[in-house]
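Right, one structure below, let's go through it.
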Amino acid sequence: MSLRIVVCVKYVPDATGDRHFADDLTLDREDVDGLLSELDEYAVEQALQIADEADDAEITVVTVGPEDAKDALRKALSMGADKAVHVEDDGLHGTDVIGTSLVLAKAVEKTGYDLVICGMASTDAAMGVLPAVLAERLGVPQVTLLSEVKVEGGTVTGRRDGDSASEQLQASLPAVVSVTDQSGEARYPSFKGIMAAKKKPVQSLDLEDLEIDADEVGLAGAWTAVDSAAQRPARTAGTIVKDEGEGGKQLAEFLAGQKFI
Ligand SMILES: Cc1cc2nc3c(=O)[nH]c(=O)nc-3n(C[C@H](O)[C@H](O)[C@H](O)COP(=O)(O)OP(=O)(O)OC[C@H]3O[C@@H](n4cnc5c(N)ncnc54)[C@H](O)[C@@H]3O)c2cc1C
C-alpha cells in the first residue's frame with residue numbers, strides 16, 4: 001500500500017522586505033512579498049528522500065494561508081511533491097496557532113496520511129509548537145526536531161541532537177514529525193520540476209469544506225491577542241572613539257559604562 005506523506009508548508013513574508021502591522025495589529029501580509037518558509041524546504045526534502053526509499057509513496061503538501069500562499073505550494077511541487085492542498089478563507093485572518101492547528105488537522109485528515117512532516121518552526125511566527133499541537137489534535141505520536149528521519153515498515157525513526165546528547169527516537173505510524181535545518185540540504189527545483197509543477201493538482205478548501213465554525217478561527221477565535229505594538233526606535237548615531245593616545249582607555253571606559261565588561 002502506498003505511503004501517504006503530508007508535508008505542512010507555510011507561506012511567510014520575505015524577511016528582507018519591510019514589514020508592518022495593520023490597524024488591527026495583525027501583520028500586514030498584503031504589503032510584503034512572501035515565499036515558502038526556508039525551514040519547510042527541509043521538510044519537503046525529507047519527504048522526497050523517504051518517498052525515494054519507499055516502494056510506493058505519495059507526497060501531498062498542505063498550506064493554510066492567503067491566495068498568494070499558492071506560491072509556496074508551487075515551489076514544493078517543483079521540488080518533487082505530487083499534489084497540493086490550499087486552505088484559504090477570509091475567516092482565517094488573524095488565526096493563531098490553536099486555530100491554524102485545527103485547520104491543518106482537518107485538512108490532513110481529509111487528505112489521508114500515514115506520516116505528517118513539518119519544519120522545525122516557521123520563519124515568521126517561529127513558535128515551533130505547531131507540530132506538537134497538530135499531533136495532539138490528530139491523536140497520533142509526535143517525534144519532533146529530528147536531524148535524521150527514516151521510515152521502515154510501519155515505524156518512523158529519527159535522531160534528535162541536543163547540546164550534550166543525541167537521542168534515537170521512534171514511533172509507530174501514523175505519526176507527526178518535525179525536522180531541523182540539519183536534516184540535509186534541500187534540493188533546488190530543476191527546470192523540468194518547475195514545468196511539471198504547473199500541471200500538478202492543487203485542491204482548494206475553505207472552512208465550510210473542513211466543517212470548521214468561523215468562531216473557532218480568525219481573530220475572534222484566537223486564544224492570544226496583541227494589545228499594542230510599537231515600531232522599533234530608529235538607530236541612534238554610534239560613539240566614535242578617536243585614538244589620540246587615550247583610545248584604549250576611552251574604549252574600555254565605554255564598554256564598562258555599557259556593562260559589557
Ligand atoms: C490565514 C492566516 C492568517 C494569519 N494571520 C496572522 C496575523 O494576522 N498575525 C499573526 O501574527 N499571525 C498570523 N498568522 C500566523 C499564525 O499565527 C501561525 O501560522 C500559527 O500560529 C502557526 O504558528 P507558527 O508559524 O509559529 O508555527 P511553528 O510552530 O513555528 O511552525 C512549525 C511548522 O508548522 C507548519 N506550519 C505552521 N504554520 C503553517 C501554515 N499556516 N500552513 C502550513 N503549515 C504550517 C510548518 O511546517 C512549520 O515549519 C496567520 C496564519 C494564517 C494561516
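Throughout, read-outs are computed from the coordinates displayed, never taken from laboratory work. This is a predicted model, so every value here is computed, not measured. Neighbour counts run over all protein chains shown; Cβ positions are idealised from the backbone, glycine included.
Odds and ends about this structure:
- Packing-based ranking, highest mean first, of 124-130, 248-254, 3-9 given that Cβ atoms within 10 Å are counted: 3-9, 124-130, 248-254
- Report summary: the helix-based calculation at 222 nm, which adds -39500 (n - 2.57) for every DSSP H run with n ≥ 4 and divides by the residues of the chain, gives -8000 deg cm²/dmol.
- GNM on the chain, alpha-carbon springs under 10 angstrom: the most fluctuating residue among Lys242, Lys83, Lys106 is Lys242.
- Note on the chain: with charges restricted to the Cβ of Lys and Arg (+1) and Asp and Glu (-1), its dipole about the Cα centre is near 700 debye.
- Choice from Asp243, Asp181, Asp40 with maximal GNM fluctuation in the chain (Cα, 10 Å cutoff): Asp243
- Considered as an equivalent ellipsoid built on the Cα gyration tensor, the chain has semi-axes of 38, 25, 19 Å, the largest given first.
- Summing charges over all other residues whose Cβ lies under 13 Å from the Cβ of Ala186, with Lys and Arg as +1 and Asp and Glu as -1, gives -4.
- Using Cβ point charges alone (K and R +1, D and E -1), the dipole size of the range 166-226 about the Cα centre works out to roughly 780 debye.
- The range 51-162 - charge dipole about Cα centre, Lys and Arg +1 at Cβ, Asp and Glu -1, debye rounded to 20: 220 debye
- Met79, Met120 arranged by Cβ crowding within 10 Å, fewest neighbours leading: Met120, Met79
- Remark: the range 135-149, residue by residue, has Karplus-estimated 3J(HN,Hα) of 4, 4, 5, 7, x, 10, x, 10, 10, 9, 6, 8, 9, 8, 9 Hz, where x stands for each Gly or Pro and the curve is 6.51 cos²θ - 1.76 cosθ + 1.60 at θ = phi - 60°.
- Candidates Trp223, Gly94, Ser204 compared by Cα position along the dipole of the chain: farthest toward the positive end lies Ser204, with charges placed on Cβ.
- Ordering Val108, Val202 by the number of other Cβ atoms within 10 Å of each residue's own Cβ, fewest first, gives Val202, Val108.
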